[in-house]
Amino acid sequence: MVLRVDKRLLWVGDAAYPLRNVTRVYPVEFKPKRMETFGYFVIGSAIAFVVARTEPDTAAGSVLVVIALFAWFLRVLTSPSKYALVIDTSGAASALVTLQHHEQLKQLVNAIVEAVETPEKQLHVQVESLHINRNAYHHGDKVNIYGGLGNTGVLKK
């Protein structure tokens, strides 16, 4: 896929974004939810153990469940982080692209910002689209604010 800037438009593949509508461009790291997956493995294995102890006929099935949970945990444990460039606009649209190296993404952010600031600037870069399940990766903190008075900080979980 091609990311290019030409005539005050940012093209990401076949999608065009007017540069005046680009509000934020930033690199992001999607980290696999390793600890959450480990928790599921431990809880699932404990449940399978209890079921196997109370119902001896289900021991083989319980072992298969534990093996499947362990394989899932190993797959998540060994999966690398994914790096992407996020382009947000003043509307609801956003684009998500990736390159092989995190440093290249930082350079691309600088190039897009320069293109926003310099109308005659042109840019042409080969990028990849990123197809991931965002629920399987940790992407920053979640913040919930209740009430309108006395909000003094963020509780991280």
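The values are calculated or read from the model by the stated rules, or taken from the named source; none is laboratory data. Everything numeric in this text was worked out from a predicted model, so none of it was measured. Neighbour counts are summed over all protein chains in view; Cβ atoms, including those assigned to glycine, are modelled from backbone coordinates with ideal geometry. The accessibility values were calculated without ligands, DNA or RNA, using every heavy atom of the protein model including side chains. Shrake-Rupley method; radii C 1.70, N 1.55, O 1.52, S 1.80 Å.
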*Of everything in region 98-113 that's assigned to a helix (DSSP H, G or I) and touching a residue at least 12 places away in the same chain (Cβ under 8 Å), which residue is farthest from residue 87 (Cα to Cα)?*
102
*Tell me which residues, restricted to region 35-50, are within 17 Å of residue 76 (Cα to Cα), open to solvent by less than 80 Å² (accessible area, probe 1.4 Å) and not β-branched (Val, Ile, Thr).*
39, 41, 44, 45
*asked:* For region 19-58, which positions are touching a helix residue (DSSP H, G or I) at 6+ places or on another chain (Cβ under 8 Å), outside any helix (DSSP H, G or I) and not aliphatic (A, V, I, L, M)?
replied: 26, 27, 29, 30, 32, 33
*Subset of region 59-87 [open to solvent by less than 50 Å² (accessible area, probe 1.4 Å) and not in a helix (DSSP H, G or I)]*: 79, 81, 84, 85, 86, 87
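Conditions tested, residue by residue: (1) hydroxyl-bearing (Ser, Thr, Tyr); (2) touching a Leu at 6+ places or on another chain (Cβ under 8 Å); (3) at pLDDT 85 or above.
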| site | (1), (2), (3) |
| --- | --- |
| 69 | no, no, yes |
| 81 | yes, no, no |
| 99 | no, yes, no |
| 106 | no, no, yes |
| 116 | no, yes, no |
| 139 | no, no, no |
| 143 | no, no, no |
| 146 | yes, no, no |
